[in-house]
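Visitor: Take a look at this one; I'll ask things after.
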Amino acid sequence: MITLSSDFGSPYPAAMKGVILQTTDARLIDVTHELPRQDVRAAAFWCRETIPYFPSAVHVIVVDPGVGTDRDAIMIRVGDHALIGPDNGVLRPVARQLSEQLQDETMGLKNNIEYFRYEYTEPQSATFHGRDVFAPAAAAIHDCGIASVETLDAVTSVPATATVQCKFPSATIDADDTSATGEVLVIDDFGNIITNIPGSFLADRAGEMATVGTTTAEVTSTFADVDTGDPLLTVGSHGFVECDVNHGQGTEIFELEVKDTVQIRF
Amino acid sequence: MITLSSDFGSPYPAAMKGVILQTTDARLIDVTHELPRQDVRAAAFWCRETIPYFPSAVHVIVVDPGVGTDRDAIMIRVGDHALIGPDNGVLRPVARQLSEQLQDETMGLKNNIEYFRYEYTEPQSATFHGRDVFAPAAAAIHDCGIASVETLDAVTSVPATATVQCKFPSATIDADDTSATGEVLVIDDFGNIITNIPGSFLADRAGEMATVGTTTAEVTSTFADVDTGDPLLTVGSHGFVECDVNHGQGTEIFELEVKDTVQIRF
Amino acid sequence: MITLSSDFGSPYPAAMKGVILQTTDARLIDVTHELPRQDVRAAAFWCRETIPYFPSAVHVIVVDPGVGTDRDAIMIRVGDHALIGPDNGVLRPVARQLSEQLQDETMGLKNNIEYFRYEYTEPQSATFHGRDVFAPAAAAIHDCGIASVETLDAVTSVPATATVQCKFPSATIDADDTSATGEVLVIDDFGNIITNIPGSFLADRAGEMATVGTTTAEVTSTFADVDTGDPLLTVGSHGFVECDVNHGQGTEIFELEVKDTVQIRF
């Protein structure tokens, strides 16, 4: 199985699929091609939230603002999964989450993340390495077998420190637990505003009111706990605090955009 | 085969697919993940227009404004098809259409709609039952076999009346057949305004002019019967009257939105 | 394998897939359903840029502003590929590109493009031939085998001249090679403005400055050669000159829309 993730929209991913299918009949699954354009951190967030749910696969992830520069291509192997993409920080948080999920399932599988550089020759284009570099790489890794990638000439083992790590900002919670300050990581297709404040900050507070900027909102365990059109704070499926609106877009009421600072005060 | 329908956009459906593929290698087909957000009636409309064209499959349909409340999960079996989703009215119109289509094909298959409650245990999240409840349910039903769903512990037969029915509004046609009043059900990606007025109201009227609000439009059998940019009334592929514009968006000329009242007068 | 391309958005393509899967278990791959609506030239451009990367397949391509009129359905066979769609010019540029790609791979395969009319009976709807005509046609061609399509009753061989050819406009380059005048063909999902000016016009000019309208931009080999937010001219993956912005949308800086004239002056 090969999964595909990118910020390419449509129809560029089709060229990637065509190239892959020239050499393999692997099952292909689109994770998404609507990642926020050229936003490495958002790509890491969304791939971390989706890819660890998959069974063993080669996951090709291409959000590539440095396409055509001399940035490396890397591969990370986590158990029976392989991640392949440009070395710009997207892959490492995904690998870490995959590793934790695999440890939960099989236990005792520590230190199961292995890093590789993937050497590529001059591609056909300078602007579409998804098609010219990463699609053929994914097909080659798939057909070689994830357990045997070292046998590919293009693959060289490297230490983790030789690869780029995307840093997520930390949220801070004040000493008396009455306020938390974080950042908007992404806004989803429902308009839910997803912050980096850990969901534990809202534990046992369902029904309490908090303020975010000039908005006062109830802490709830789900959307329907407030009236249609009302704002709410809840813990999303990814474990972080979200600023949402029941049957509406969080962005309509909370005046927040991606990368804005968010302060929640009780 | 498992088909997936939702209002999730991207990338949430990928997590559903990952969960499904953990336990089954069923073929997966996306019907759509762009259903109008949290609009139960629109979801019923679009799934009714697409799902009955499929061969035997488990169809998971998640438009779920009540996620995290105590609303049930239900399953409807129609011949060799199974529909699974939240019990909020979406599934029943789809089941009915599926049943009629199967009766056309095989004849004599009356009363082939069976209703079940699908019991689920406390899911991982309160806001993403697509991933935590319905994806595993679809995989379980698929691997059990649609004909044998009663053997699943989670499945309990219930009467139709124990499930929620989404009501579509009725259109009215006046006694002398010169005007019809209905409602906008959905607007498609072409900007075609799809009403609930039955196509039969336009029968034998191609070439006549009618008014809708302040717009006068020709009744045509297809788009190209009027000039580029001109409005028209036609019977869409779903059998209802549409307010369209040739090579344009119906919404540019007809001042109509979803749920607006539409009156067509000859 | 059957690939699907259209301007249908969502969810109409699902009905096409359902119809196809009623009679075949062919692998289905979406090329795109987001082709610019009813723009025959843009459809030809994007399908030409993606479909030739695929291995042998039936490619159904439906951008169909003349749906419901008496325009023909055609099929073009190129080696072991078949293209099927309305006869409005979209298919021929795709066939030509496919043919060139196959010639590169296998050599000596000249004159490998064959044209056919595909006769269809009165379809269920006048507005959705994707579902009612082209989906069943694709399934029938797939199951018959591309090499044997002549055995289908619906298929009649015709000369190329009996089919519609979509014309792309020509760009002109002045005698002293200091300016080129062309047209915007399409704008992609990144906001890159893709012209019909051949990439060769920028050969050996990386680092030079050129003007496009009131904008001055550097010629680069890739995006990251200019600062974030700066305009650039580069050769895209399709071989044409693009007007782009690094980490931004070309459309924010260059005041250009599809079909606008573009003049580049050194």
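The values are calculated or read from the model by the stated rules, or taken from the named source; none is laboratory data. Note that this is a predicted model, so its numbers are computed, not measured. Reconstructed Cβ throughout: ideal geometry from the backbone, glycine too, with neighbour counts over all protein chains shown. Please note that ligands, DNA and RNA were not included when accessible areas were found on the heavy atoms of the full protein model with its side chains. Shrake-Rupley method; radii C 1.70, N 1.55, O 1.52, S 1.80 Å.
Visitor: Being in contact with a strand residue (DSSP E or B) (Cβ under 6 Å, 6 or more places away or on another chain) and in a loop (DSSP other than H, G, I, E, B) narrows it down to one residue among B:Val258, B:Val241; which is it? Working first, answer last.
Guide: Details: B:Val241 fails: in a loop (DSSP other than H, G, I, E, B).
Sole residue among the options that is in contact with a strand residue (DSSP E or B) (Cβ under 6 Å, 6 or more places away or on another chain) and in a loop (DSSP other than H, G, I, E, B): B:Val258.
Visitor: Scan C:Thr69, C:Thr151, C:Thr156, C:Thr121 and give me the residue that is surrounded by fewer than 18 Cβ atoms within 10 Å (Cβ to Cβ), free of Cβ contacts under 8 Å to residues at least 12 places away in the same chain and over 22 Å from C:Ala15 (Cα atoms). Steps first, answer last, please.
Guide: Numbers: C:Thr69 fails: over 22 Å from C:Ala15 (Cα atoms); C:Thr156 fails: free of Cβ contacts under 8 Å to residues at least 12 places away in the same chain; C:Thr121 fails: over 22 Å from C:Ala15 (Cα atoms).
Step by step, each of C:Thr69, C:Thr151, C:Thr156, C:Thr121 is checked, and only C:Thr151 is surrounded by fewer than 18 Cβ atoms within 10 Å (Cβ to Cβ), free of Cβ contacts under 8 Å to residues at least 12 places away in the same chain and over 22 Å from C:Ala15 (Cα atoms).
Residues are listed down the side, and each one gets a yes or a no for (1) open to solvent by 10 Å² or more (accessible area, probe 1.4 Å); (2) part of a helix (DSSP H, G or I); (3) not basic (Lys, Arg):
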| residue | (1), (2), (3) |
| --- | --- |
| C:Arg77 | yes, no, no |
| C:Leu83 | no, no, yes |
| C:Gly89 | no, no, yes |
| C:Pro93 | yes, yes, yes |
| C:Arg96 | yes, yes, no |
| C:Ala135 | no, yes, yes |
| C:His142 | yes, yes, yes |
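Visitor: In addition: I'd like to know if segment C:123-134 contains one or more residues that are out of contact with any Phe, Trp or Tyr (no Cβ under 8 Å at 6 or more places or on another chain) and within 20 Å of C:Arg96 (Cα to Cα).
Guide: No - not one qualifying residue is present in segment C:123-134.
Visitor: Now for a separate question. Check segment A:4-11 and report whether any residue there is within 25 Å of A:Phe240 (Cα to Cα) and away from chain C (no Cβ under 12 Å).
Guide: Yes: segment A:4-11 contains one or more residues that are within 25 Å of A:Phe240 (Cα to Cα) and away from chain C (no Cβ under 12 Å).
Visitor: Which one of the conditions (1) open to solvent by less than 70 Å² (accessible area, probe 1.4 Å); (2) among the β-branched types (Val, Ile, Thr); (3) within 9 Å of chain B (Cβ to nearest Cβ) does A:Ile264 fail to meet, given that it meets all the rest?
Guide: (3)
Visitor: Taking the conditions exactly as written (within 18 Å of the chain's Cα centre (by Cα), within 14 Å of another protein chain (Cβ to nearest Cβ) and open to solvent by less than 10 Å² (accessible area, probe 1.4 Å)), does B:Ile187 satisfy them or not? Write out each step before concluding.
Guide: Working: within 18 Å of the chain's Cα centre (by Cα): yes; within 14 Å of another protein chain (Cβ to nearest Cβ): yes; open to solvent by less than 10 Å² (accessible area, probe 1.4 Å): no.
Criteria not met by B:Ile187.
Visitor: Here is a further query. Looking at A:Val184, A:Val149, which is the one that is more than 24 Å from A:Glu49 (Cβ to Cβ) and among the β-branched types (Val, Ile, Thr)?
Guide: Values: A:Val184 fails: more than 24 Å from A:Glu49 (Cβ to Cβ).
That would be A:Val149, the only listed residue that is more than 24 Å from A:Glu49 (Cβ to Cβ) and among the β-branched types (Val, Ile, Thr).
Visitor: Hey, another quick one. Restricting to segment C:244-255, name every residue that is in a strand (DSSP E or B) and under 23 Å from C:Asp39 (Cα atoms).
Guide: Residues of segment C:244-255 that are in a strand (DSSP E or B), as a first pass: C:244-245, C:248.
If the condition is that a residue be in a strand (DSSP E or B) and under 23 Å from C:Asp39 (Cα atoms), then C:Asp244 is the only one that fits.
Visitor: Right, something else. Report yes if some residue within segment A:58-70 is small (Gly, Ala, Ser) and touching a His at 6+ places or on another chain (Cβ under 7 Å); otherwise report no. Spell out the reasoning first.
Guide: Quick first cut of segment A:58-70, residues small (Gly, Ala, Ser) only: A:66, A:68.
Restricting the remaining residues to those that are touching a His at 6+ places or on another chain (Cβ under 7 Å) gives none.
Scanning segment A:58-70 turns up no residue that is small (Gly, Ala, Ser) and touching a His at 6+ places or on another chain (Cβ under 7 Å).
Visitor: From the residues in segment C:198-236 that are touching a helix residue (DSSP H, G or I) at 6+ places or on another chain (Cβ under 8 Å) and part of a loop (DSSP other than H, G, I, E, B), which one is least open to solvent (accessible area, probe 1.4 Å)?
Guide: Ranking the qualifying residues of segment C:198-236, first place goes to C:Gly236.
Visitor: Conditions: (1) hydrophobic (A, V, I, L, M, F, W, C); (2) facing chain A (nearest Cβ under 9 Å); (3) within 23 Å of B:Gly66 (Cβ to Cβ). B:Ala14 meets all but one. Number of the miss?
Guide: Result: B:Ala14 passes all but (3).
Visitor: Also: Find the residue count for segment B:30-57, including only residues that are over 12 Å from the mean Cα position of the chain (by Cα), open to solvent by less than 10 Å² (accessible area, probe 1.4 Å) and within 7 Å of another protein chain (Cβ to nearest Cβ).
Guide: 1
Visitor: Is it true that B:Thr195 is touching a Gly at 6+ places or on another chain (Cβ under 9 Å), open to solvent by less than 10 Å² (accessible area, probe 1.4 Å), part of a strand (DSSP E or B) and within 11 Å of another protein chain (Cβ to nearest Cβ)?
Guide: Values: touching a Gly at 6+ places or on another chain (Cβ under 9 Å): yes; open to solvent by less than 10 Å² (accessible area, probe 1.4 Å): yes; part of a strand (DSSP E or B): yes; within 11 Å of another protein chain (Cβ to nearest Cβ): no.
Spelling it out, it is not the case that B:Thr195 is touching a Gly at 6+ places or on another chain (Cβ under 9 Å), open to solvent by less than 10 Å² (accessible area, probe 1.4 Å), part of a strand (DSSP E or B) and within 11 Å of another protein chain (Cβ to nearest Cβ).
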